[in-house]
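The values are calculated or read from the model by the stated rules, or taken from the named source; none is laboratory data. Remember, it's a predicted structure, so these values are computed and weren't measured experimentally. Glycine also receives a Cβ, built like all others from the backbone with ideal geometry; neighbour counts cover every protein chain displayed. All accessible areas refer to the heavy atoms of the entire protein, side chains included, with ligands and DNA or RNA removed. Shrake-Rupley method; radii C 1.70, N 1.55, O 1.52, S 1.80 Å.
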Amino acid sequence: MTTGRPPRRIVIAGASAAGLAAAETLRREGYDGSIHLVGRELHPPYDRPPLSKQILSGDWDAERATLRPAADLAALDLDLRLGSSAAALSIGTRTVTLSDGTELPYDGLVIATGVRPRKLPQCGLPGVHVLRDLEDAVALRDRLAAGRRLVVVGAGFLGAEVASSASALGARVTLVEPAPLPLAHAVGHDVGVHLAQVHREHGVDLRTGTKVDEFVTEAARVTAVRLSDGTLVPADDVLVAIGSEPNTEWLADSGLRLADGVVCDQYTAAAPGVYAAGDVARWHHPLFGTSMRVEHRTNAAEQGMAAARNLLRPEQPKPFAPIPYFWSDQHGLKIQAYGHLRGHDEARVVEGALSEGRFLVAYRGGTALTGVLAIGMPPKELRRWRTAIGARADWQTQVASSVPPNSRYERG
């Protein structure tokens, strides 16, 4: 895109939360050219966090997850291409080729193709599930009931949320995690211990420090999971929740830099006129001074908006430097966090107590406060700490005055 010449044709690859946020922002900012919004699924853009919670539990029907009513989508005047995915990109000719062979020329491109579940070799077996889209959630929901045996492989946020939803429905849940504790790599040892205890208190059979060796079948359907410690766990169904992979294979010959996502600068630009947003984007975060890819709903929407604004004003770009936020609902607990928790050097309880199930943990990276996580704390407390993270507050100054007596802490 040349400086001073506004785009007239914009392609958004990915009818996701990030893609929809980009389209809405373009219209809000006064862009009146064409917008091609391309989505692999047949559904209009919908919200994914409810899949492991409200949809799986049956509290919501599938339609309720839709992000915008049909009238609101129509008002955006989009060329909405559902059921057709981006298959190739030519930066030289500024063309996106779709899976049906259609070629879409562009002046500006937003890549928002998201991620797909990482799978195990036997994931194609009947009874073995992944959870990424509405069909996945409905298929698993239809199998869950009181007394049914579900094995969840992977105790990350997705696996933990599914274990919570399934156990609330009366299913007998076994949660398998190769690490010693669930989520400890992200939230720290002490929070991992607390979450493990919460799972067990709610009837989840948590197996840590062991991996899946094979799925055992009978009549071509999974009936059990054999673990690396030799244990055989009976199963009516299995959910594989071992992480995700960015959908970048269609960009292999594009010339864009790919490294666990589409590599972008601090403005989310991957190339002139090409931006990325959401789960697929790996960008340089100027506040934390590191490259990161964030798979959380709030970031997807914020990054879609930032990409759209910078696409329209490439001569005056603004760095994308949010304070990342994520939340998770597990066994009635609301877990909320701000900042960059992974790779922390120290984690310390600064408010409340782990033993009370109501606490706030601060995370240190170098000499700065880089993140906080809270369970059972009022939102205003989190907002205060969020401000401190954004100001790159000195750890000693910020934390020393907040540490409660006899608080626990850990060092990386």
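Data overview
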| item | result |
| --- | --- |
| Qualifying positions in the stretch 60-114 - out of contact with any Asp or Glu (no Cβ under 9 Å at 6 or more places or on another chain), aliphatic (A, V, I, L, M) and closer than 15 Å to A15 by Cβ | A70, L73, A74, L78, L80, A86, L98, L109, V110, I111 |
| Only one of V152, V162 that is within 20 Å of V115 (Cβ to Cβ), assigned to a strand (DSSP E or B) and among the hydrophobic types (A, V, I, L, M, F, W, C) | V152 |
| Residue in the stretch 105-124 that is nearest to the chain's Cα centre (by Cα), counting only those that are among the hydrophobic types (A, V, I, L, M, F, W, C) and not in a loop (DSSP other than H, G, I, E, B) | V115 |
| Contacts under 6 angstrom Cβ, first residue in the stretch 216-238 being over 14 Å from V152 (Cβ atoms) and open to solvent by 70 Å² or more (accessible area, probe 1.4 Å), partner at pLDDT 95 or above and assigned to a loop (DSSP other than H, G, I, E, B), 6 or more apart | R221/P126; R221/G127; D229/T210 |
| Matching helices (runs of 4 or more DSSP H) fully within the stretch 1-76 where at least 3 residues are touching a Gly at 6+ places or on another chain (Cβ under 8 Å) and not aromatic (F, W, Y) | 17-28 |
| Residues of the stretch 359-386 satisfying the condition of being within 19 Å of H194 (Cα to Cα) and either surrounded by 15 or more Cβ atoms within 10 Å (Cβ to Cβ) or among the polar types (S, T, N, Q) (or both) | F359, L360, V361, A362, Y363, G371, V372, L373, A374, I375, M377 |
| Sole exception among (1) over 20 Å from F326 (Cβ atoms); (2) surrounded by 24 or more Cβ atoms within 10 Å (Cβ to Cβ) for A18, by number | (1) |
| Positions within the stretch 298-322 being crowded, with 18+ Cβ neighbours inside 10 Å and under 21 Å from A186 (Cβ atoms), in sequence order | N299, A300, E302, Q303 |
| Any hit, the stretch 177-191, residues being of a type in the set (A, V, I, L, M, F, W, C) and either touching a Phe, Trp or Tyr at 6+ places or on another chain (Cβ under 8 Å) or under 22 Å from L140 (Cα atoms) (or both) | yes |
| The stretch 249-264 residues that are in contact (Cβ under 8 Å) with a residue 40 or more places away in the chain, paired with ones that are part of a helix (DSSP H, G or I) (beta carbon under 7 Å, 6 or more apart) | V262/L251; V262/V280 |
| Residue in the stretch 235-244 that is under 30 Å from V96 (Cα atoms) and of a type outside the set (F, W, Y) present | yes |
| Single residue of D47, D72, D32, D79 found to be within 26 Å of the chain's Cα centre (by Cα) and free of Cβ contacts under 8 Å to residues at least 60 places away in the same chain | D72 |
| Residue in the stretch 256-264 that is in contact with a Phe, Trp or Tyr (Cβ under 9 Å, 6 or more places away or on another chain) and open to solvent by 50 Å² or more (accessible area, probe 1.4 Å) present | no |
| Where D79 falls short, out of the listed (1) surrounded by 17 or more Cβ atoms within 10 Å (Cβ to Cβ); (2) more than 30 Å from I335 (Cα to Cα); (3) of a type in the set (D, E, K, R) | (1) |
| Conditions (1) touching a residue at least 40 places away in the same chain (Cβ under 8 Å); (2) within 14 Å of the chain's Cα centre (by Cα); (3) at positive phi; number of the one not met by A301 | (3) |
| Selection status of H340, open to solvent by 10 Å² or more (accessible area, probe 1.4 Å), closer than 15 Å to I389 by Cα and not aromatic (F, W, Y) | yes |
| Subset of the stretch 265-296 (residues that are outside any loop (DSSP other than H, G, I, E, B) and touching a Leu at 6+ places or on another chain (Cβ under 7 Å)) | A270, A271, V274, Y275 |
| From the options G170, G159, G203, residue that is buried (at least 21 other Cβ atoms within 10 Å of the Cβ) and either over 20 Å from P126 (Cβ atoms) or free of Cβ contacts under 8 Å to residues at least 12 places away in the same chain (or both) | G159 |
